[in-house]
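Below is one structure; the comments refer to it alone.
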Amino acid sequence: MAIWNLASLTELFASDPPALGDVDVAVEGDVLRVTLKEKGHLDVFVAAGGDQILASVMLAPASGVPNREAFERLALKTHKLVPLSTFGISTVNGEEWYELFGSLSARSAADVVVEEIAVLAANAEDAAGLIAEWKNGEIAA
């Protein structure tokens with residue numbers, strides 16, 4: 001099986017795989033932005049390098065989440081309940097953001113790549129809900 005690269009991933013996602021619905025695809029440097037229109041225009045960033053494909057969704061600026069230390073502890077305690085995805089913190093334009101990301105083999109079949117993106121998107125919706133509940137005080141520290 002061939003190894004996925006930016007061009008072949010662009011072609012895959014531009015074909016509007018049914019599991020993802022209607023998408024927009026844009027190449028931004030060495031990263032692919034896959035916008036899932038039916039998920040509220042959720043952006044999934046995809047990169048292929050070496051033997052793996054990395055996919056990431058930026059969830060929220062960390063500065064907007066109260067009691068960060070307690071929230072991060074909650075995220076670490078519950079992340080195993082989020083299949084195929086992991087919480088992280090990335091810096092975007094000098095600001096820390098919570099993200100959800102996943103990785104898989106660059107030799108994965110097309111349906112597996114699409115499934116990973118679909119699961120990551122669903123998990124990102126759940127994680128965004130968790131952040132909203134935390135911010136609203138619906139979840140105790």
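Throughout, read-outs are computed from the coordinates displayed, never taken from laboratory work. What you see is a predicted model, and the numbers here were worked out from it, not measured in a lab. Cβ: placed from backbone, ideal geometry, glycine included. Neighbour counts: every protein chain shown.
Quick one: compute the contact order of segment 21-141, relative version, from alpha carbon pairs under 8 angstrom and 6+ residues apart, as a percent.
23
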Report task. Once you have the Cα-Cα distance between A110 and Q52, take 0.36 nm times their residue separation minus that, and quote the gain in nm to one decimal. Result -> 19.5 nm
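Scale the Cα Rg of the chain by the rule-of-thumb value 2.2 N^0.38 Å and send over the ratio, two decimals.
On the way: Rg = 15.4 Å, N = 141, 2.2 N^0.38 = 14.4 Å.
Dividing the Cα Rg of the chain by 2.2 N^0.38 Å gives 1.07.
Between A122 and A26, what FRET efficiency comes out of the Förster formula 1/(1 + (r/R0)^6) with R0 = 25 Å and r the beta carbon distance, rounded to 0.05?
Details: r = 22 Å, r/R0 = 0.88.
The calculated FRET efficiency here is 0.70.
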Report summary line: Across 5 Å bins beginning at 0, the whole-percent shares of Cα-Cα pair distances in segment 72-141 come to 3, 15, 22, 22, 19, 11, 5, 2, 1
Requested in this report: Compare N93, N67, N123 in a GNM of the chain, Cα atoms joined below 10 Å, and give the one with the largest fluctuation.
Outcome: N93
Query raised in the report: What does the charge dipole of the chain about its Cα centre add up to, to the nearest 20 debye, if the Cβ of each Lys and Arg holds +1 and the Cβ of each Asp and Glu holds -1?
Result: 380
Query raised in the report: By how many degrees, 0 to 90 and rounded to 10, does the Cα axis of helix 68-78 deviate from the longest principal axis of the chain?
Result: 60
Query raised in the report: Can you give the angle from 0 to 90° between the axis of helix 110-135 and the longest principal axis of the chain, with both taken from C-alpha atoms, to the nearest 10?
Result: 20
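Can you figure out the FRET efficiency of S15 with N67, using R₀ = 35 Å and their beta-carbon distance, to the nearest 0.05? Intermediate results must be reported in sequence, preceding the final value.
Values: r = 43 Å, r/R0 = 1.24.
Once rounded, the FRET efficiency stands at 0.20.
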